[in-house]
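So the structure is just underneath, and the comments pick up after that.
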Amino acid sequence: MYCAVSSLGLSGIEGYTITVEVSCRRGLPKLEIVGLPDAAVRESRERVRAAMGNLGFEMPARQTVVNLAPADTPKFGSLYDLPILLGLLCASETLELPLKDKAFVGELALDGRVREVRGALSMALAAREAGIVQLFVPEGNAAEAAVVEGLEIYPVRSAGELIEVLLGRRTMKPFSGVPDSPAPPPLPDFAQVQGQENAKRALEIAAAGGHNILLIGPPGTGKSMLAKRLPSILPEMNFQEALETTRIHSVAGLLPSGGALLNRRPFRAPHHTASPAGLTGGGNPPRPGEISLAHNGVLFLDELPEFPKAVTEILRQPMEDGTITLSRAGNRVCYPSSFMLVAAMNPCPCGYFGHPTRPCRCSSTKIGLYLGRVSGPLLDRLDLQVEVPPVKYEEMADSRRGEPSAVIRARVEEARRVQRDRYAGSGVSCNAHLSPDLLRKHCVLTPDADALLRAAYDKMGLSGRSYDRLLKVSRTIADLDHSRQIGADHIAEAIQFRDLDRKYWRPDLSEL
């Protein structure tokens with residue numbers, strides 16, 4: 001006998017439909033799974049065999065073939081256990097189950113319980129596109145899959161319960177509503193930061209325009225502390241951003257059990273010992289790396305020169321394109337990776353080069369080699385370069401609290417609203433992602449601003465990319481200033497945040 005059961009699979013963060021075909025015929029008892037299964041799929045035979053026995057059924061004593069169609073697409077993971085079990089019961093004529101317009105995913109425990117799987121949100125989207133009416137998922141994935149409208153989601157605790165429901169002996173209600181989840185812990189607040197007004201201003205500009213930023217200064221001046229407070233002033237994600245971010249974290253297996261949409265922008269801070277694969281993603285099947293997990297959020301690289309150059313150079317293409325493509329033998333996936341890069345570093349190996357009171361112990365050769373670990377092309381992609389000096393005693397002893405994050409965030413959200421309205425329909429949401437055409441159209445300079453920018457371009461020897469990024473930062477500063485045109489003061493402030501590469505990375509360090 002033959003039976004076909006609808007299921008779903010994953011390719012990157014995209015879901016697609018799969019048909020689990022089961023054929024039983026006379027012959028020596030044997031169960032074969034075909035359709036390019038990986039080891040986890042092949043091991044379904046033993047999980048299904050044990051689950052069927054513990055549910056009171058017997059494996060068909062026939063020659064049985066399970067085909068996962070399309071057969072030329074690699075299949076990964078344990079999510080096909082449940083549809084394989086249902087297909088075996090129907091194809092062996094043990095049960096007659098109504099499976100039309102239904103799809104099933106889930107890993108089986110040996111006692112028949114159904115365990116959670118990765119990527120339920122992406123698979124629910126694919127099921128809706130394919131016209132599937134009812135999707136049966138593990139109970140822990142129900143809230144995630146229920147984000148997709150126009151699809152009935154049924155939470156399954158065990159295969160035995162599901163069989164009873166399909167036979168009409170029990171009822172199962174579609175999942176509705178999202179269970180209450182504990183409130184996330186409060187984010188660190190800028191009100192806790194004493195001094196460093198210049199760095200705070202730079203981070204506000206970065207948040208308002210989605211710009212990359214470099215913080216450079218001696219140890220203990222608050223570089224990491226400032227970076228960790230950046231998420232507290234970023235605007236909330238819209239539905240589409242939350243959907244994309246949740247899909248990535250779900251595929252990576254990082255979504256909390258029973259969780260639905262992520263509502264807070266991610267903040268990823270990999271250690272400097274991270275490998276290239278850890279940053280970009282990898283494995284078989286390829287999983288998202290840190291730069292994809294930071295999509296729509298912040299990627300923080302502390303001690304930037306300590307990262308291997310092979311790792312940091314990987315960032316250049318995703319920073320430009322907003323995506324990263326992983327090609328492996330027989331598999332190619334594309335992950336979104338539009339993130340804000342926040343990097344922090346010391347100015348030299350000992351950390352005190354340029355310190356007003358503590359002497360630097362490093363030679364100019366050592367300083368040059370240390371700074372040389374950050375390449376020019378990567379530095380060129382850091383829109384704002386901010387010096388974070390030691391905090392003065394008067395600032396540390398000041399009992400007054402700094403400006404709270406909520407106040408800064410209100411200004412950031414207003415600037416982002418202006419940008420969304422300005423670029424409506426263009427696919428661009430913030431100044432950092434302006435295309436050349438939009439840059440020319442919306443970055444209109446006053447005559448004084450044009451003259452200042454011309455002088456800076458010639459004197460600083462800016463590259464074409466540096467020029468564009470300087471204009472984008474100026475556009476953001478003008479937005480914070482509620483100005484339609486970019487004025488000379490906006491250009492001047494942007495230039496101020498663009499000159500550290502000339503100070504620290506120029507050849508003759510002895511001039512300092």
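The values are calculated or read from the model by the stated rules, or taken from the named source; none is laboratory data. Worth saying up front: this structure is predicted, and the values here are computed from it rather than measured. Every residue, glycine among them, receives a Cβ derived from its backbone with ideal geometry; neighbour counts consider all protein chains shown. Just the protein is used for accessible areas: all its heavy atoms, side chains included, with ligands, DNA and RNA removed. Shrake-Rupley method; radii C 1.70, N 1.55, O 1.52, S 1.80 Å.
Computed extension length for ASN54-GLU306: 85.3 nm, one decimal, from 0.36 nm per residue of separation with the Cα-Cα distance subtracted.
In summary, the lysines within cross-link reach of LYS173, defined as a Cα separation below 29 angstrom excluding same-chain residues under 8 places away, comprise LYS100, LYS102. Its DSSP H runs of at least 4 residues, each contributing -39,500 (n - 2.57), put the calculated 222 nm mean residue ellipticity of the chain at -10000 deg cm²/dmol, to the nearest 500.
Straight-line cross-link reach from LYS503 at under 20 Å between alpha-carbon atoms covers these lysines, not counting any fewer than eight positions away in the same chain: LYS223, LYS366, LYS459. When Rg and the Kirkwood Rh are both derived from Cα coordinates, the Rg/Rh ratio for region 84-190 amounts to 1.06.
Compute the acute angle (0 to 90°) between the alpha-carbon long axis of helix 120-129 and the principal axis of greatest extent of the alpha-carbon atoms of the chain; round to the nearest 10°. That helix lies at roughly 70 degrees to the long axis.
Extension gain for the segment THR446 to ARG332, taken as residue separation times 0.36 nm less the Cα-Cα distance, is 36.3 nm to one decimal. Note on ARG420 and ASN238: their simple-model spin labels are 0.6 nm apart, each label 7 Å out from Cα toward Cβ. Distances between placed amide hydrogens fall under 5 Å for LYS75 paired with ASP38, all partners being 5 or more residues away or on another chain. Relative to its Kirkwood radius, the Cα radius of gyration of the chain gives an Rg/Rh of 1.08. Annotation: per residue accessible area for region 111-229 equals 41 Å², rounded to a whole number [probe 1.4 Å, protein chains only]. When ligands, DNA and RNA are left out and all protein chains stay put, how many square angstrom of accessible area per residue does region 267-395 have with a 1.4 Å probe? With all protein chains present, region 267-395 gives 42 Å² per residue. Other residues lying with their Cβ under 12 Å from the Cβ of GLU236 contribute a combined charge of +3, Lys and Arg counting +1, Asp and Glu -1. The dipole here belongs to region 424-498: it is taken about the Cα centre, uses +1 on the Cβ of Lys and Arg and -1 on the Cβ of Asp and Glu, and is about 260 debye. Straightening the chain between GLN317 and HIS271 buys 14.5 nm, computed as 0.36 nm per residue apart minus the Cα-Cα spacing. For region 324-399, what does the alpha-carbon gyration tensor say about shape, rounded, prolate or oblate, given a ≥ b ≥ c as the root eigenvalues, a/c under 1.5 as rounded, and a/b over b/c as prolate? Since a/c reaches 1.5 but b/c is at least a/b, the shape of region 324-399 is classed as oblate. In the chain, a dipole from Cβ-located charges (positive for Lys and Arg, negative for Asp and Glu) runs towards its positive end, and of THR323, LEU262, GLY210 it is THR323 whose Cα lies farthest in that direction. Across VAL374, VAL165, the residue with the most accessible area heads the list, and the full order at a 1.4 Å probe is VAL165, VAL374.
A 1.4 Å probe run over the protein chains yields, for region 1-98, 44 Å² of accessible area per residue, whole-number rounding. Taking Cα pairs under 8 Å and at least six residues apart, what relative contact order does the chain come out at, in percent? 13 percent. The relative contact order of region 332-419 comes to 17 percent, based on Cα pairs under 8 Å that sit 6 or more residues apart. Note on the chain: with neighbouring protein chains present and a 1.4 Å probe, carbon and sulfur make up 50 percent of its accessible heavy-atom surface.
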